[in-house]
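**Q** Here's a structure for you.
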Amino acid sequence: MLNNILIASLVILSLALFGCLYRLIKGPSMNDRIMALDTIGIILLSMIAVLSMLFRTEAYFDIILLIGILTFIGSTALARYIERGDVIERSNDE
Amino acid sequence: MNEVTMSEIGELIIGLFVLFGALLSAISAFGLIRLPDVYLRSHAATKSSTLGVLIILLSAFLYFMFYVDHVSAKLLLGIIFVFITAPVAGHLNGRAAYRSGVPLWEKSTLDDLGPALKKAQKNSKRQDMN
C-alpha cells in the first residue's frame, strides 16, 4: 500500500521536474533559469527523501543535506553575480 | 484476517502526506510554467515548493521514527536548513532581477520599488558630494 503511494508520488515529482526543465531551457531572463535551478534542487531533495522511505535505508540522508546546501550556495552565488558582476567582493581602497 | 491494524493506518496517513507534498511540488512547477513574469513566478517557485518539501521531509522523519526506530537528526537539520534558506534564495534572486533591469509584466500596475530605489541613489550621491 505504502509502496504504491510512494511510487505514485515519485511519478508526480518527476513530472514537476520536467516542468522546471521547461522553464530552465526557455526562460527569457537569466533569473528565471536561476529560479528553475533552485526549484529543481528542492524537488530532487524531496525525491531522495521519498526514495529513502521506499528502500527503508538511512544512507541517503547525507545526500539530502548536501543537496540543500549546494542548492542554496549555487543560487545565491549566481544571483550575486548577475546583480554586481562579482561573486566575492574585493575591497577597492588602494 | 480482514481487520485493519494500527500500523497500516499510520502508513496510510504518512503516504497521504507524501502524496500531498508531491502535489504541492507539482503545483509549484505548474505555476513556474504558466505565470507571466519573473516576479510572479518567484511566488510559485519559493512558497509552495518549500511547503511541499517540508511536508515530505517531515513525513519521512515520522516514518523513520515509528517504523524503523531511527530518530535521525540529519533529517531534522535538513528541514530547518531548507526552511531557513529557501526564502532567502528567492529574495536574493528577485532583488537581482529588479536591479539588473528585468522588465515587469505589462499588465502589472504598481511598482513601489522603482521610486524608492531612485531616491536612495540620489541620497547616496549627495553624501558623496559632501
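**Q** When you look at the Cβ of every residue in A:47-60, what mean number of other chain Cβ atoms sits within 10 Å?
**A** The mean count of partner-chain Cβ atoms within 10 Å per residue comes to 4.
**Q** Are there trypsin sites (Lys or Arg not before Pro) in chain A that DSSP marks as loop and that have at most 14 other Cβ atoms within 10 Å, and which are they?
**A** A:R56, A:R90
**Q** Continuing with the same structure: What's the whole-number percent of alpha carbon pairs in the protein assembly as shown lying beyond 26 angstrom?
**A** 44
**Q** What whole-number value in Å² describes the accessible area per residue of chain B for a 1.4 Å probe?
**A** For chain B, the solvent-accessible area averages 64 Å² per residue.
**Q** Quick one: pull the percent of accessible area on chain A belonging to carbon and sulfur, 1.4 Å probe, ligands and nucleic acids left out.
**A** Carbon and sulfur atoms account for 67 percent of the accessible area of chain A.
**Q** May I have the convex hull volume per residue, in Å³, for the Cα set of region B:7-85?
**A** 68
**Q** Mind grabbing the interface size between B and A? I mean buried accessible area, both sides, 1.4 Å probe, in Å² to the nearest hundred.
**A** Chains B and A together bury roughly 4000 Å² of accessible area.
**Q** Follow-up question, since we're still on this one. Based on alpha-carbon positions alone, could you give the equivalent ellipsoid semi-axes of region B:45-130 from the gyration tensor, as √(5λ), descending, whole Å? Mind dumping the intermediate values first?
**A** Numbers: eigenvalues 376, 57, 11 Å².
Working through the eigenvalues yields semi-axes of 43, 17, 7 Å.
**Q** For chain A, just say rounded, prolate or oblate: build the C-alpha gyration tensor, square-root its eigenvalues into a ≥ b ≥ c, call rounded for a/c under 1.5, and beyond that prolate if a/b exceeds b/c, oblate if not.
**A** Details: a/c = 7.02, a/b = 1.86, b/c = 3.77.
Judged from the Cα gyration tensor, chain A comes out oblate (a/c at least 1.5, b/c at or above a/b).
**Q** Leaving out ligands, DNA and RNA, what percent of the accessible area of chain B is carbon and sulfur, probe 1.4 Å? Mind showing how you got there, number by number?
**A** Numbers: 5440 of 8260 Å².
Of all accessible area on chain B, carbon and sulfur atoms account for 66 percent.
The values are calculated or read from the model by the stated rules, or taken from the named source; none is laboratory data. Just so you know, these numbers come straight off a predicted model, no measurement behind them. Neighbour counts run over all protein chains shown; Cβ positions are idealised from the backbone, glycine included. Side chains included, ligands, DNA and RNA excluded: accessible areas come from the protein's heavy atoms. Shrake-Rupley method; radii C 1.70, N 1.55, O 1.52, S 1.80 Å.
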